[in-house]
Ligand SMILES: NC(=O)c1ccc[n+]([C@@H]2O[C@H](COP(=O)([O-])OP(=O)(O)OC[C@H]3O[C@@H](n4cnc5c(N)ncnc54)[C@H](OP(=O)(O)O)[C@@H]3O)[C@@H](O)[C@H]2O)c1
């Protein structure tokens with residue numbers, strides 16, 4: 001966790017961010033980090049109970065730490081958090097959700113974090129494995145970028161951060177479909193950065209290495225150990241370490257950075 | 001013509017003029033996408049964003065692609081219950 005002074009120096013207080021896949025893991029860590037920085041949040045994922053619990057935690061953060069709420073007593077303005085328990089693989093749902101969000105005005109930050117990993121050797125990959133991973137890891141990201149870019153244009157700019165993966169950059173046995181779906185995100189990021197620069201929208205991606213979340217439950221202990229030995233820092237990352245990079249990319253500290261895929265992987269070597 | 005319709009036409013002209021950086025006198029139903037250098041793909045996105053903000057709507061991708069002239073834009077906006 002960054003200290004309060006660093007979070008304030010990011011000058012994100014009062015901005016509006018959408019975080020997909022916010023209900024647990026890296027997304028939940030991001031939501032809390034952005035809340036501490038005083039950012040108003042729209043949280044999206046499917047499971048309502050998890051989102052409700054997270055919203056409760058965020059409200060506590062707002063009441064105790066967030067810069068805007070320190071001002072609440074004097075100017076009557078406080079941070080806000082909303083959630084949408086929706087499936088982002090449904091095109092119509094994505095449209096409706098963004099239409100609803102648009103009624104609150106422009107958006108400054110989008111973090112496309114929702115994702116899914118189904119490791120299998122190619123011979124065992126079914127059509128539905130391909131479809132389901134591409135639907136959330138790639139197609140939903142493209143659609144969210146399409147809708148949010150229009151909300152950012154009205155705001156005069158913004159920052160889109162896509163969560164790609166180290167596997168999309170380097171590949172790994174048994175991960176061909178997941179890796180392909182994430183490599184597509186890196187390609188999307190580089191191209192979109194060129195296209196949206198006209199509107200002062202920066203587009204970057206983070207390629208996390210192995211981060212300690214429930215996503216890893218699909219890996220065996222042996223697989224995890226094999227991966228660990230290839231990490232220079234000899235440990236898995238924490239969700240907060242990805243969230244910190246996200247804060248940087250969302251803030252003006254990265255104002256001259258766009259079209260980049262930043263590895264947050266403890267120095268993985270293959 | 002109702003007052004709402006008159007106001008909406010005025011609002012539409014303003015959005016076109018601001019997003020394409022052209023004068024309101026240049027705006028008529030026949031004005032087409034790519035027929036003037038100011039209405040290129042970059043300006044088209046800005047136009048869409050401003051239309052959505054002005055009329056509080058979210059356009060379908062197909063409608064964004066179809067919006068090939070001011071006249072066509074009016075037709076499309078009517079589908080979103082904008083009186084024009
Ligand atoms: N952990 C790692 O080592 C690692 C490494 C590289 C990249 N990543 C990427 O980082 C991102 C976050 O991963 P994580 O480790 O935090 O995974 P996680 O704990 O499994 O969280 C995934 C999140 O995505 C949401 N989600 C999944 N499918 C969805 C859908 N169809 N619609 C809406 N929300 C959906 C989940 O919530 P619901 O189930 O409630 O919908 C959950 O909030 C993913 O894109 C992942 O690919 C992770």
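Just so you know, all these numbers are worked out from the coordinates, no wet-lab data involved. Bear in mind the structure is a predicted one, so any value in this text is a computation, not a measurement. No Cβ is skipped: glycine too gets one built from the backbone with ideal geometry, and neighbour counts run over all protein chains shown.
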For a footprinting-style exposure proxy, rank A:90, B:62 by other Cβ within 10 Å, fewest first.
B:62, A:90
From the Cα centre of the range A:213-251 to that of the range A:137-197, the distance in Å is 19 Å
Considering the Cα positions of the range A:28-130, please state its Rg to one decimal place and its Dmax as a whole number of Å.
17.2, 63
Helix A:239-250 against the longest principal axis of chain A: what's the angle in degrees, Cα atoms only, rounded to the nearest 10?
60 degrees
Within 10 Å of each Cβ in peptide A:141-151, how many partner chain Cβ atoms are there on average? Round it to a whole number, please.
2
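Only helical DSSP H runs with n ≥ 4 go in: add -39500 (n - 2.57) per run for chain A, normalise by residue count and round the 222 nm mean residue ellipticity to 500 deg cm²/dmol.
-14000 deg cm²/dmol
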Over chain A, with a Gaussian network built from C-alpha contacts below 10 Å, which listed residue (A:231, A:201, A:111) shows the highest mean-square fluctuation?
A:231
Taking Cα centroids, how far is the range B:4-28 from the range A:86-109 in Å?
27 Å
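Ratio of the range A:12-263's C-alpha Rg to 2.2 N^0.38 Å, to two decimals?
Expressed relative to 2.2 N^0.38 Å, the Cα Rg reads 0.99.
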Exposure proxy check: B:4, A:213, A:118 ranked by fewest other beta carbons within 10 Å?
B:4, A:118, A:213
Quotient of C-alpha Rg and 2.2 N^0.38 Å, computed over the range A:66-193:
1.27
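Of all beta bridges DSSP finds with both residues in chain A, what is the antiparallel percent, to the nearest 5?
If we restrict to bridges inside chain A, about 5 percent are antiparallel.
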Please report B:67, B:1 as a ranked list, fewest other C-beta atoms within 10 angstrom at the top and most at the bottom.
B:1, B:67
With Cα coordinates, the longest principal axis of chain A makes an angle with the long axis of helix A:48-64, in degrees rounded to 10, of 50 degrees
For the range B:3-79, what is the convex hull volume of its Cα atoms per residue in Å³?
83 Å³
